[in-house]
1. Within the range 6-30, track down each residue that is touching a residue at least 60 places away in the same chain (Cβ under 8 Å) and touching a helix residue (DSSP H, G or I) at 6+ places or on another chain (Cβ under 6 Å).
2. State yes or no: is ILE76 modelled with pLDDT under 85, in a helix (DSSP H, G or I), closer than 20 Å to GLY214 by Cα and not small (Gly, Ala, Ser)?
3. Kindly indicate whether GLY8 is surrounded by fewer than 16 Cβ atoms within 10 Å (Cβ to Cβ), outside the structural domain of LEU149 (by TED's automatic domain parsing) and not in a helix (DSSP H, G or I).
4. So, in the range 213-259, how many residues would count as being crowded, with 18+ Cβ neighbours inside 10 Å, within 22 Å of the chain's Cα centre (by Cα) and modelled with pLDDT of 85 or more?
5. Could you grab me the full set of residues in the range 198-237 that are touching a residue at least 12 places away in the same chain (Cβ under 8 Å), over 23 Å from PRO107 (Cα atoms), in a helix (DSSP H, G or I) and out of contact with any Phe, Trp or Tyr (no Cβ under 9 Å at 6 or more places or on another chain)?
6. So, in the range 57-73, of the ones that are assigned to a loop (DSSP other than H, G, I, E, B) and modelled with pLDDT of 85 or more, which residue ends up surrounded by the most Cβ atoms within 10 Å (Cβ to Cβ)?
7. Would a scan of the range 19-35 turn up a residue that is closer than 20 Å to LYS151 by Cβ and either modelled with pLDDT of 90 or more or not assigned by TED's automatic domain parsing to the domain that holds ASN199 (or both)?
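The values are calculated or read from the model by the stated rules, or taken from the named source; none is laboratory data. All figures in this text were calculated on a predicted structure; none of them were measured in a lab. All Cβ positions, even for glycine, are placed from backbone atoms using ideal geometry, and neighbour counts span all protein chains on display.
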Amino acid sequence: MDKASIIGSIIGFVACVLVMWMASHGNFSMFYSSKGFIMVFGGTISVLLMAMPMENLKCIPGYIKRFLFNKGLSAIDTVKLMSQLSDKARRDGILALENEIEKIQDPFLAKGLRMAVDGTDEEVIETTLRLEVMAMQERHKAGKKFFDLIKLYAPGYGLVATLIGQVGMFGNLGGDINTLGSMLAIAVVATMYGTVLANAIAGPMGDKLALRSGEEILSREMMLQGILSIQAGDNPRATQEKMLAFIPNTVRRNLKLAA
């Protein structure tokens, strides 16, 4: 579980609820508008349906799961794992990695090692794995696009609801004060819905997915270079140095010190 995502979500929710309670003295019903809710959330859903294929929309649970949970290997863990595999291949031969493949949970790394153990040509391994990375990038772009669309259009539909509320308010000037109050509430609450949805939910989630995508691409590139180095029979130290090239100098020094 991604602790930062959970903690950040909780802090944002508590801050929002606390300020609402302080402003309304516990009367949370004043922040609800069925008309504003329908306009903002219904409008945002319509945009998502118009802008994205249904196949991508079916992956929404996966996007949210990726925001809350991060199962990928960190850069440091990748260095350590590839160093261990390189050392074993150098000591016992590359065929000895066949037993290790079954223990590896990352399908990308397992696939690459299996191809290396089977004696697949280096160019074929590199081409195949880079195609895997490209496909992964496209999937990640779809997840980022989903949240970007919400971030972009939810405030817009909030503004539409605000304008509708203002038209209704101006059309009833001099009439019933309750009607004027209801129209004004729609205008203000709908803007709040769109702003919260865009800036407190969709924006941060999309940015986190983009960050995770970059980390995973880096990890995949490290694995690819490690696999090619193992297949070439490089010294484990040389393999480790190739991995360390992807890591900042400060982290690199600490990792060497720990080793």
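1. Matches in the range 6-30: GLY12, MET30.
2. Yes: the conditions hold for ILE76.
3. So GLY8 fails the test.
4. Result for the range 213-259: 6.
5. ASN199
6. The residue in question is CYS59.
7. Scanning the range 19-35, I find no residue that is closer than 20 Å to LYS151 by Cβ and either modelled with pLDDT of 90 or more or not assigned by TED's automatic domain parsing to the domain that holds ASN199 (or both), so the answer is no.
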